[in-house]
């Protein structure tokens with residue numbers, strides 16, 4: 001291969017084709033190659049005006065480049081000015097408004113309400129009385145029909161309004177029912193005492209709410225939420241709560257203990273993630289152990305001594321009496337010997 005570059009030879013009468021400019025507006029075929037009277041203008045630098053250009057030419061998902069042009073046929077004549085050197089420039093802030101879809105015409109402005117309304121002529125001085133003057137509708141262009149302007153009475157409007165309010169109440173009840181069935185919660189359990197006993201092992205709704213009233217204040221002030229599978233001492237003391245209300249978290253924990261539902265089923269019922277259900281169970285386990293473990297389980301010794309029966313006078317240090325019941329069962333004297341006689345020999 002030769003390292004010398006051969007110089008291109010060009011004849012005197014040979015023309016050199018330069019790249020032509022094209023208009024980017026849809027349905028516009030103007031090109032600088034065939035039309036020298038039309039000027040082509042690049043997009044403005046101002047972001048607001050550029051967005052207005054894209055909206056007007058209906059190219060929302062279009063990113064113009066430095067070579068993108070809009071021809072002058074889409075601008076008003078007053079928007080294009082000719083400089084002293086013969087170049088065509090756009091006025092500052094000019095926006096394209098003439099297109100194929102509006103037949104290259106500016107949209108006509110709608111007349112005002114005052115112009116659209118028909119008004120009566122001024123009354124003449126020789127009119128008989130003001131009552132004989134023609135009654136004119138108010139100055140608006142709304143259509144006054146017989147259904148809304150004449151026959152519609154106050155009673156009909158009241159009935160329609162009441163029917164709409166009734167429909168709204170029905171839809172609200174339907175939405176509440178759908179929300180209640182979509183997510184498991186305390187509202188679904190508290191409907192009957194049987195559900196409370198099955199899911200929580202509390203005797204009734206009354207006892208469950210009494211227990212909640214005792215622990216509610218501690219839940220809001222002293223609960224340390226576990227953010228991982230670690231113990232409470234290793235977790236942070238301040239953490240964000242879950243999207244479930246605290247009473248629903250207690251219900252989830254009690255269902256885990258009493259019914260023995262797996263975490264996957266609990267997460268599906270309460271519309272939470274499986275790891276969130278696991279953290280709720282761990283959090284409430286440590287919380288109730290700390291809260292209920294500090295309560296006294298045994299009666300004070302002085303109270304026990306004050307109520308000891310006379311039979312325990314010789315045992316003043318008695319604290320608790322553990323009872324044991326014996327149940328006698330009849331068994332065979334020699335069960336192994338009986339089995340050996342009944343079983344066939346093994347060979």
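Odds and ends about this structure:
- From the list 101, 114, the one residue that fits, being out of contact with any strand residue (DSSP E or B) (no Cβ under 9 Å at 6 or more places or on another chain) and either surrounded by 10 or more Cβ atoms within 10 Å (Cβ to Cβ) or not assigned by TED's automatic domain parsing to the domain that holds residue 35 (or both), is 114.
- Some residue of the stretch 225-237 being loosely packed, with under 11 Cβ neighbours inside 10 Å and at pLDDT 60 or above: no
The values are calculated or read from the model by the stated rules, or taken from the named source; none is laboratory data. None of these values were measured; they are calculated from a predicted model. So basically every Cβ, Gly included, is an ideal-geometry build from the backbone, and we count neighbours across all protein chains shown.
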